[in-house]
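Novice: The structure follows.
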């Protein structure tokens, strides 16, 4: 199952980790999460790999987390927060400062939404295809989006982070480039070559110094995200009526009516 959901190959000294759930727009299920973490750790341990490129098959980088066939039932569960975090906790590349020591470049096309957005922003560098779209979806679902806001704010350090976290609106790769959230925006056919070219620039440097920088960068953003989770988890938004309404509206394909409770 792991080899089908996520693949790993080596090209030169670049490890290519590929999400391969194209029929579901690479939405992250528990199985895909497990496979992804396994492949990332394998790449990190592989002495033949110095830089990792994270890419995806199909029309989308990652459409978010897969809520399964019955999102309304999932939303009614009292452990909804644990259910949500069980998919997100181990996917973030920062994990702990001593894990995933090698730099990771995200090659994003199509959509990077919700958890897919978080996954892309947890990478050290991002190359995006023209027309790629990003979105922080949690605020529209009645949940806090603190850790996504942290990632958005941390890299460009602008009020753009406030806007997309509070509105939940979709934004383009071109906007992301303007605000310093991605490193390159290229035609779709040049996406992987551009990511590999960026990897080649990194490979020209001593591996130990590269990894030291990776550890420092990941530690800072991880610490900020840890604090945001500590604060927002206590709010109990996963038990709110608005969260339940969001799930029901999603199932019923209608606009939700929120009441602030």
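The values are calculated or read from the model by the stated rules, or taken from the named source; none is laboratory data. None of these values were measured; they are calculated from a predicted model. Here the Cβ positions follow ideal geometry from the backbone for every residue, glycine too, while neighbour counts run over all protein chains shown.
Novice: Do you know which residues across the stretch 7-20 are touching a strand residue (DSSP E or B) at 6+ places or on another chain (Cβ under 8 Å) and either part of a strand (DSSP E or B) or modelled with pLDDT under 95 (or both)? Give the steps one after another, and end with the answer.
Specialist: Of all residues in the stretch 7-20, those touching a strand residue (DSSP E or B) at 6+ places or on another chain (Cβ under 8 Å) come to 7-10, 13-20.
Residues satisfying the conditions are 7, 8, 9, 10, 13, 14, 15, 16, 17, 18, 19.
Novice: Given 39, 55, which one is at pLDDT below 95, touching a strand residue (DSSP E or B) at 6+ places or on another chain (Cβ under 6 Å) and closer than 29 Å to residue 216 by Cα?
Specialist: Details: 55 fails: at pLDDT below 95.
Criteria check complete, one pass: 39.
Novice: Please go through the stretch 9-50 and pick out each residue that is surrounded by 19 or more Cβ atoms within 10 Å (Cβ to Cβ) and over 17 Å from the mean Cα position of the chain (by Cα).
Specialist: 14, 15, 43, 49, 50
Novice: Kindly provide the set of residues from the stretch 21-36 that are within 14 Å of residue 54 (Cα to Cα) and out of contact with any strand residue (DSSP E or B) (no Cβ under 9 Å at 6 or more places or on another chain), ordered by number.
Specialist: none
Novice: Somewhere in the stretch 215-235, is a residue surrounded by 14 or more Cβ atoms within 10 Å (Cβ to Cβ), at pLDDT below 85 and assigned to a loop (DSSP other than H, G, I, E, B)?
Specialist: Checking the stretch 215-235: not a single residue is surrounded by 14 or more Cβ atoms within 10 Å (Cβ to Cβ), at pLDDT below 85 and assigned to a loop (DSSP other than H, G, I, E, B).
Novice: Moving to a separate point now. Take the residues in the stretch 92-140 that are out of contact with any helix residue (DSSP H, G or I) (no Cβ under 6 Å at 6 or more places or on another chain), surrounded by fewer than 22 Cβ atoms within 10 Å (Cβ to Cβ) and at pLDDT below 85; name whichever of them is farthest from residue 257 (Cα to Cα).
Specialist: So, considering only residues that are out of contact with any helix residue (DSSP H, G or I) (no Cβ under 6 Å at 6 or more places or on another chain), surrounded by fewer than 22 Cβ atoms within 10 Å (Cβ to Cβ) and at pLDDT below 85, the one farthest from residue 257 (Cα to Cα) is 98.
Novice: Filter the stretch 151-194 for residues that are part of a loop (DSSP other than H, G, I, E, B) and modelled with pLDDT of 90 or more; which is surrounded by the fewest Cβ atoms within 10 Å (Cβ to Cβ)? I'd like the intermediate steps shown before the answer.
Specialist: At the first step, the residues of the stretch 151-194 found to be part of a loop (DSSP other than H, G, I, E, B) are 155-159, 168-170, 179-183, 187.
With the extra rule that they be modelled with pLDDT of 90 or more, the set shrinks to 169-170, 182-183, 187.
Working: 169: 12, 170: 15, 182: 25, 183: 18, 187: 10.
Among residues in the stretch 151-194 that are part of a loop (DSSP other than H, G, I, E, B) and modelled with pLDDT of 90 or more, the one surrounded by the fewest Cβ atoms within 10 Å (Cβ to Cβ) is 187.
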